[in-house]
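Beneath this line is the structure, given in structure tokens, with notes to follow.
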Amino acid sequence: MEITDKDAKKFVFLILIATIAVLVFIIVKPIILAVIAGLILAYVCFPIYKLILRVVRYPNLAAAIMTIFVLSLIFIPLWYLIPVLVDQVFKFFQFTQTLDLASFLKMAFPNASEQFISQTSLTFTSTLSSLGSTIVSKLVAFVVDLPTFALKLLLVGFVFFYTLRDFEALSDFVSGLSPLNKTQEQTLVKQFKGITESIVYGQVLIGIIQGILVGIGLLVFGVKNALLFTILAMIFSVIPIIGPGIVYVPLALYMIASGQTTSGFIFLLYNLLIVSTIDNFLRMIFVSRRTDLSQAIILIGMIGGLFVFGLLGLILGPLIIAYFIVFLRAYREKTLSSMFAHES
């Protein structure tokens with residue numbers, strides 16, 4: 001087969017594009033999560049941006065107001081709460097070293113053998129100590145990397161601002177790059193939007209609200225290290241199946257065991273009746289379109305995403321798996337090839 005001059009030029013051009021694409025990936029790789037975080041924040045806040053735009057009528061001003069508000073909402077609490085959180089983590093770590101779990105187990109299981117009491121006590125104590133030391137090391141690493149975090153937060157702000165301001169143009173640009181025909185593209189976008197809203201609003205936002213409600217209960221009942229447990233409740237509330245109960249149930253039992261019987265029972269009832277049931281009410285408000293996405297898939301995506309992407313993986317993990325399942329479903333229904341067929 002003879003290679004023409006035109007074929008050679010195409011080959012060189014493809015190599016050039018591939019080389020540039022690799023270089024772009026190398027450049028963007030260290031900050032890719034910050035860029036994705038800015039895009040997700042812009043998607044979540046876009047309805048509020050549209051409301052502000054109706055009032056101020058200038059896209060630059062509306063995007064600037066939203067950017068300043070969101071960055072302040074992130075930076076100011078971190079600035080004031082990190083010292084408090086560090087202090088509470090150290091106190092929690094010290095508490096785990098002095099916790100007399102054996103006495104509590106003897107009271108809870110009076111007929112249990114000494115070997116069971118000692119082994120269980122040792123297991124729980126070592127687990128709590130390991131958790132405390134892990135949190136301490138993560139916080140120390142975060143404080144050391146604070147300048148890098150500030151730079152990435154600034155980048156999140158830039159991405160957030162320009163995504164809000166140029167949302168329509170960006171959507172048209174991405175749509176123009178899509179190889180899908182328009183009908184299938186609209187169907188796919190609708191499915192992706194439903195999945196994204198289900199995860200971002202129905203799982204993450206509601207989980208954060210549940211964690212905050214647990215924190216309010218902790219403050220009302222005077223539980224020590226309330227900020228630390230509130231953050232843990234937020235994280236566990238976002239993860240399906242687990243939920244905030246993994247935080248408030250042990251705390252309520254500890255309050256009851258330490259003599260605060262009435263407060264412990266009221267605290268437990270507050271969480272069972274309000275915190276653990278409010279998600280059903282909030283989903284009707286925040287999730288405009290439901291999807292048949294399995295909770296098991298969301299759980300697998302969140303845990304896997306947490307290992308790969310860090311905290312941002314709680315959102316990215318289930319989104320990636322859910323989008324992949326959409327294509328698998330299209331393949332099973334033999335509609336995948338029709339997505340790329342041009343309309344006549």
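Contact map, the range 193-221: residues that are farther than 13 Å from Leu314 by Cα paired with residues that are buried (at least 18 other Cβ atoms within 10 Å of the Cβ) and of a type in the set (Phe, Trp, Tyr), Cβ distance under 7 Å, separation 6+ or inter-chain. Pairs shown: Val214/Tyr248; Gly217/Phe267; Gly217/Tyr270; Leu218/Phe229; Phe221/Phe267. Looking across the range 246-269, the residues that are within 20 Å of Ile208 (Cβ to Cβ) and surrounded by 19 or more Cβ atoms within 10 Å (Cβ to Cβ) come down to Val247, Tyr248, Leu251.
Yes or no, residue by residue, for (1) under 20 Å from the mean Cα position of the chain (by Cα); (2) at pLDDT 85 or above; (3) not acidic (Asp, Glu):
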position: Ile3; (1), (2), (3): no, no, yes
position: Asp7; (1), (2), (3): no, no, no
position: Ala42; (1), (2), (3): yes, yes, yes
position: Tyr49; (1), (2), (3): no, yes, yes
position: Leu53; (1), (2), (3): no, yes, yes
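Look at the range 242-266: where a residue is free of Cβ contacts under 8 Å to residues at least 40 places away in the same chain and within 26 Å of Pro110 (Cβ to Cβ) and a partner is polar (S, T, N, Q) and in a helix (DSSP H, G or I), sitting 6+ places away or on another chain with Cβ atoms under 6 Å, you get Tyr248/Asn271; Met255/Ser263.
Mind listing just one residue for me: the one in the range 298-336 that is part of a loop (DSSP other than H, G, I, E, B) and of a type in the set (D, E, K, R) and, of those, farthest from the chain's Cα centre (by Cα)? Before you say what the answer is, go through the steps one by one.
We begin by selecting, within the range 298-336, every residue part of a loop (DSSP other than H, G, I, E, B); these are 333-335.
Then drop every residue that is not of a type in the set (D, E, K, R), which leaves 333-334.
Numbers: Glu333: 32, Lys334: 34 Å.
The residue in question is Lys334.
Of all the numbered requirements in (1) within 28 Å of Leu213 (Cβ to Cβ); (2) of a type in the set (Val, Ile, Thr); (3) modelled with pLDDT of 80 or more, Ile298 misses one, and that requirement is (3).
Looking for whichever is farther than 19 Å from Cys45 by Cβ, out of contact with any Lys or Arg (no Cβ under 8 Å at 6 or more places or on another chain), surrounded by fewer than 14 Cβ atoms within 10 Å (Cβ to Cβ) and of a type outside the set (Lys, Arg) here; the options are Phe124, Phe92, Phe173, Phe142. Which one fits? Write out each step before concluding.
Values: Phe124 fails: surrounded by fewer than 14 Cβ atoms within 10 Å (Cβ to Cβ); Phe92 fails: surrounded by fewer than 14 Cβ atoms within 10 Å (Cβ to Cβ); Phe142 fails: surrounded by fewer than 14 Cβ atoms within 10 Å (Cβ to Cβ).
Just a single option satisfies the conditions, and that option is Phe173.
The values are calculated or read from the model by the stated rules, or taken from the named source; none is laboratory data. These numbers come from a predicted model, not from an experiment. Backbone-built Cβ (ideal geometry, glycine too); neighbour counts: all protein chains shown.
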